[in-house]
Amino acid sequence: MIDPSSFPQDPASVSNPAPAAAPSPTASAEAAEQLLPAATPFDWIGGEPAVRTLVDRFYDLMDLEPAYQELRAAHGTTLADARDKLFWFLCGWLGGPDHYIERFGHPRLRMRHMPFSIGIKERDQWVACMDQAMGETGVPEALRVRLRESFMGTADWMRNRGG
């Protein structure tokens with residue numbers, strides 16, 4: 001799970017290192033909410049509906065975008081099981097319900113991915129696809145930056161071959 005204390009208290013400071021200005025009195029409620037992140041990334045992203053939307057967009061992009069063709073090829077003919085497993089995993093990893101652990105026990109990510117050849121190209125395609133999905137589904141920018149860093153670290157750790 002991601003440690004919520006590692007998230008910035010002022011999300012604007014992630015994309016702009018200069019001190020953030022106070023929101024204007026006419027700032028939208030949505031903008032004001034982004035200045036006060038929720039207790040967990042799961043809450044901040046919008047709970048289960050938002051995680052499901054993110055996962056569905058991630059796998060839709062994998063199916064549609066030629067840039068992710070090697071990544072897609074590693075997933076077999078159907079993505080239904082992968083969609084559910086990633087949704088269940090991300091819910092818990094983001095600080096929400098531990099659906100994955102309830103069904104399968106400890107994720108043991110590296111062990112479960114050993115049968116797949118994962119190199120730099122696959123790592124980069126996975127992270128790029130997820131980043132694109134986060135952008136297209138409206139994940140708040142400060143959260144997106146932090147998640148992208150976490151995803152890259154995890155994806156790099158998952159590599160089981162050099163290239």
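The values are calculated or read from the model by the stated rules, or taken from the named source; none is laboratory data. All values reported here derive from a predicted model rather than from experimental measurement. Ideal geometry is used to build each Cβ from the backbone, glycine not excepted, and the neighbour counts take in all protein chains shown.
Residues to consider are 86, 64; find the one that is surrounded by 13 or more Cβ atoms within 10 Å (Cβ to Cβ) and out of contact with any His (no Cβ under 7 Å at 6 or more places or on another chain).
86
Name every residue in region 89-118 that is at pLDDT 95 or above and either basic (Lys, Arg) or touching a His at 6+ places or on another chain (Cβ under 6 Å) (or both), in order of residue number.
91, 103
What residue, among those in region 45-80 that are acidic (Asp, Glu) and part of a helix (DSSP H, G or I), is modelled with the lowest pLDDT?
The residue in question is 70.
Do you know which of the residues in region 119-140 that are among the β-branched types (Val, Ile, Thr) and over 14 Å from residue 161 (Cβ atoms) is farthest from the chain's Cα centre (by Cα)?
The qualifying residue farthest from the chain's Cα centre (by Cα) is 137.
Could you tell me whether region 115-136 includes any residue that is more than 13 Å from residue 158 (Cβ to Cβ) and free of Cβ contacts under 8 Å to residues at least 12 places away in the same chain?
Yes, there is a match, as at least one residue in region 115-136 is more than 13 Å from residue 158 (Cβ to Cβ) and free of Cβ contacts under 8 Å to residues at least 12 places away in the same chain.
Within region 112-126, work out how many residues are in contact with an Asp or Glu (Cβ under 9 Å, 6 or more places away or on another chain) and either crowded, with 16+ Cβ neighbours inside 10 Å or assigned to a helix (DSSP H, G or I) (or both).
Number of matching residues: 5.
I need the full set of residues from region 99-111 which are surrounded by 13 or more Cβ atoms within 10 Å (Cβ to Cβ) and either assigned to a helix (DSSP H, G or I) or of a type in the set (Lys, Arg) (or both), in order please.
If the condition is that a residue be surrounded by 13 or more Cβ atoms within 10 Å (Cβ to Cβ) and either assigned to a helix (DSSP H, G or I) or of a type in the set (Lys, Arg) (or both), then 99, 100, 101, 104, 109, 110 are the ones that fit.
Could you list, in sequence order, the residues of region 81-98 that are in a helix (DSSP H, G or I) and either under 19 Å from residue 124 (Cβ atoms) or without any contact (Cβ under 8 Å) to a residue 40 or more places away in the chain (or both)?
81, 82, 83, 84, 85, 86, 87, 88, 89, 90
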